[in-house]
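The values are calculated or read from the model by the stated rules, or taken from the named source; none is laboratory data. Computed from a prediction, not measured in an experiment: that's the story for all the values here. Neighbour counts are summed over all protein chains in view; Cβ atoms, including those assigned to glycine, are modelled from backbone coordinates with ideal geometry. Surface accessibility is based on the protein's heavy atoms, side chains included, excluding ligands, DNA and RNA. Shrake-Rupley method; radii C 1.70, N 1.55, O 1.52, S 1.80 Å.
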Amino acid sequence: MRAPKDFWTGAIYLVIGVVGFFVARNYSFGSTTRMGPGYFPTVLAGLLTLVGLISLVRAFVVEGAPVGALALRPLASVVGAIVVFGLAVVPLGGAVAMLLTILVAATASRQFKLAPLPLLGASGLVAICCLVFIEMLNVPMPLVGPWLRPLLPNF
Amino acid sequence: MDVIANLGLGLQVALEPTNLLYCLLGVLLGTAIGVLPGLGPVPTIAMLLPLTYGLAPDSALIMLAGIFYGAQYGGSTTAILVNLPGESSSVVTALDGYRMARAGHAGRALATAAISSFVAGTIATVVIAIAAPLLAGAALAFGPADYFSLMVLGLIASVVLASGSLLHAIGMILLGLILGVVGTDINSGIARFTFEVPQLADGIDFVVIAMGLFGIGEIVANLEDETSRTAIMPKVKNLFPTRDDLRRIIGPTLRGTAMGSVLGILPGGGAVLSSFSAYALEKRVSKNSAQFGKGAIEGVAAPEAANNAGAQTSFIPMLTLGIPSNPVMALMIGALMIQGIQPGPSVMVQQPTLFWGLIASMWCGNLMLIILNLPLVGLWVKMISVPYRYLFPAIVLFSVIGVFTLSNSTFHVYLLAGFGILGYIFKKLDAEPAPLLLALILGPMMEEELRRAMMLSKGDAMVFVSRPISATMLAVALVLLALMVAPALRKKRESAFHEDS
């Protein structure tokens, strides 16, 4: 393989194209005059498969730059922060979920450490977000979730 | 004079105190987020979009337009002060703007950017007011086949702007079109590519994809190398350009405006193409061309005028034909649809207050930018100098909240995580996702027009070449493709030549 970037991009296209093609074959294809729900996606997936294949072949023909190392720590932290929000927002409520999101995301930085000042800043940001989104814009997100409600009966 | 009457109507809407307030809020927030390094208009708009859901359609659009201009202006500020252009349209501004800032003329560069943007914005507003009704009139003659070909042209043109290979850009288009298929088919009611997930029945929201691919992927990429992110801030003083400066920027500003206004209307055009072309033109015609790249004030004025004019006139095809010419306009169309408005030639006739109000508010937004941002520049400088490690958690948080508010479901939040990973992988592979976003918005419309065109022609594909409008669009698309392939061939021959020697 001489062009890894072409190879992997082609591989992504190929996989999505092939999967899309076979899934789309479950929908009726129709005819050119009366296109069924399967017509458009089948053609698109077929073309994407073709593009993927050409890219794969090209990866062995032309010269290309190597793919840089994946930065796994930032990737895991940032994606983790998003998932944590999804998991926490209903049972724990918006306030806690937001704080957790900020904390988990912050671990992406190599200079991350738990210090009082950034923690205070994060709490302030959460307070502002709660005020703007939950109180002012009425986003239906509980401020305090059912799991925490026994601890804070006044909310 | 229809134009004046229409603009008057628009100004009435835009100058309503509440709308003025939303415009102001949009400009402020847009600049505040847009000024953050590495955040271009697409993630900025996607992030702030939820704030507009609860508003009336005209207020929502006016606020969004404010956000858009703010984000653009914020990007230029960052480009000039720290040479970190948030998006490709400010890359050119950074060339001379940053040099000026280094030489102690940051204030003059910022003021030049603001003034030339305002002049361009004012002229472009008039251009829109004149051109939009003409185009909307012409659009009435468009049949399904013509719309389909126009969209093909738009997609092909978007490839021109994508960095990297033509093949991969076409792959991105196809991928975007396929993602656009996800959801319930309107003709047959069959759920396609939903994999039995009920939340996918309405399709994947474009905001999730835009935020994941452009926002989250970008954040992770920015965090790869933290050391390079420490910016040394130049001092900003002397915000007023001298009389000599003003004299020097008049020509470049007007030329940039003209270039931007024309290129913005073209499919695939908009801010990026405009700023690059204007800089190239100015470098050729300027008496001061030797100074370009070394801190020429003309090199700031021309691209800034062009990108603002282009950004503005790219609203024309969006509003009159319902066809986005770049990812930002794709987001705007999405925002319109959320408000229950199907963009197209009928918007101008059926909702004149919305249409003209938006156009007038563009001008108001530009005016606010110049009044607000010069005094507030100290605040923006402070925001830029906050270390990235404190900023990005907040950006992640805003993105997550924004996605959650789309339909108040955690499902979209997990999708965001997935598209974030994909966005980072694309970044590593140098695969530019801008064509994907455009195709995602155009996909459902294209399928619909294709079906209609083929039904009307009884399956005869010749309809695309026999109708003059459609044939012209396809011909232009072919020429564009040929132009793109040609230099690539030349480059390949060159590299082969080098290997031989």
Exercise for the section: Please give the FRET efficiency for B:M462 paired with A:L70, using the beta carbon to beta carbon distance and R0 = 41 Å, rounded to the nearest 0.05. Expected result: 0.25
Problem - Amide H within-cut-off set for B:R192, under 5 Å, with H built and near neighbours excluded - result: B:G183, B:T184, B:D185
Completion exercise
The value for the protein assembly as shown (convex hull of the alpha-carbon atoms, volume per residue, Å³) is 169 Å³
Problem - For A:G30, residues with placed amide H under 5 Å, excluding near neighbours - result: A:G36
Completion exercise
Measuring from its Cα centre, the protein assembly as shown shows a charge dipole (+1 at each Lys and Arg Cβ, -1 at each Asp and Glu Cβ) which, in debye to the nearest 20, is 1260 debye
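What part of the accessible area of chain B, given as a whole %, is carbon or sulfur when the probe is 1.4 angstrom? Write out the running numbers ahead of the final one.
Values: 12380 of 18730 Å².
Looking at chain B in its full context, I get 66 percent from C and S.
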Handout entry: Test item: Cα-centred dipole of chain A, Lys/Arg +1 and Asp/Glu -1 on Cβ, debye
Key = 240 debye
Exercise for the section: Under 13 Å from a label point 7 Å along Cα→Cβ of B:I4: give me every residue in segment B:352-377 with its amide N that close. Expected result: none
Exercise for the section: For helix B:166-181, report the angle its Cα long axis makes with the longest principal axis of the Cα atoms of chain B; keep it between 0 and 90° and round to the nearest 10°. Expected result: 60 degrees
Exercise for the section: Give me the number: length gained by fully extending B:L134 to B:S407, i.e. 0.36 nm times residue separation minus the C-alpha to C-alpha distance, one decimal in nm. Expected result: 94.5 nm
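Sum -39500 (n - 2.57) across every DSSP H segment of at least 4 residues in chain B, then divide by the residue count to get the 222 nm mean residue ellipticity, nearest 500.
Values: 22 runs with 367 residues, N = 501.
After summing the helix terms and dividing by the residues of chain B, the value is -24500 deg cm²/dmol.
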Problem - Cβ charges +1 (Lys, Arg) and -1 (Asp, Glu), total dipole of segment B:2-500, debye - result: 1380 debye
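Excluding ligands, DNA and RNA, what is the solvent-accessible area per residue of the protein assembly as shown at a probe of 1.4 Å, expressed in Å²? Kindly include the intermediate steps, with their values, before the conclusion.
On the way: 26800 Å² over 656 residues.
For the protein assembly as shown, the per-residue accessible area is 41 Å².
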Exercise for the section: Once you have all Cα-Cα distances for segment B:1-79, histogram them in 5 Å bins from zero and send the whole-percent values. Expected result: 4, 18, 24, 19, 15, 11, 7, 3, 0
Exercise for the section: Would you mind listing how long segment B:2-500 runs along its three principal axes, going by Cα atoms, in whole Å with the largest first? Expected result: 67, 64, 48
Fill in the blank from the handout: Nearest 10, in degrees from 0 to 90: the angle of helix B:271-285 to the longest Cα principal axis of chain B is 50 degrees
Problem - Extension gain from A:V19 to A:L131, taking 0.36 nm per residue of separation minus the Cα-Cα distance - result: 35.9 nm
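Using the Kirkwood radius over C-alpha pairs as Rh, can you work out the diffusion coefficient of segment A:4-59 via Stokes-Einstein at 25 °C, viscosity 0.890 mPa s, in µm² per second? All intermediate terms of the calculation are to be shown ahead of the outcome.
Numbers: Rh = 11.5 Å.
So the translational diffusion coefficient is about 214 µm²/s.
Where the convex hull is taken over the Cα atoms of chain A, what is its projected area averaged over directions, in nm²? Please report the intermediate quantities before stating the final value.
Numbers: hull surface 62.7 nm².
Result: 15.7 nm².
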Completion exercise
Relative contact order of chain B (C-alpha contacts under 8 Å, at least 6 apart) in percent is 27 percent
Handout entry: Distance (nanometres) between label positions extended 7 Å along Cα→Cβ at B:L374 and A:R2
Key = 5.7 nm
Exercise for the section: For segment B:279-375, divide the Cα radius of gyration by the Kirkwood radius and give the resulting Rg/Rh value with two decimals. Expected result: 1.11
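Scale the Cα Rg of segment A:72-136 by the rule-of-thumb value 2.2 N^0.38 Å and send over the ratio, two decimals.
Numbers: Rg = 12.1 Å, N = 65, 2.2 N^0.38 = 10.7 Å.
For segment A:72-136, the normalised Cα radius of gyration comes out at 1.13.
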Practice task
Pop the C-beta distance of B:F195 and B:Q12 into the FRET formula with R0 = 51 Å and round what comes out to the nearest 0.05.
Solution key: 0.55
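At 1.4 Å probe size, with the rest of the protein present, what percent of the exposed accessible area of segment A:4-59 is carbon and sulfur atoms? Intermediate values should be presented prior to the final figure.
On the way: 1860 of 2500 Å².
Its accessible area is 74 percent carbon and sulfur atoms.
Quick one: net charge around A:P4, please, counting Lys, Arg +1 and Asp, Glu -1 for every other residue with C-beta under 15 Å from its C-beta.
Values: positive: A:R2, A:K5, A:R58, B:K427, B:K428; negative: A:D6, A:E63, B:D430.
My count for the surroundings of A:P4 gives +2.
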Completion exercise
Dipole check, chain B, charges on Cβ (K,R +1; D,E -1), about Cα centroid: among B:P393, B:G334, B:A290 the Cα furthest to the positive pole belongs to B:A290
Problem - Estimated FRET transfer efficiency when R0 is 41 angstrom, pair B:D225-B:R452 (beta carbons, to 0.05) - result: 0.25
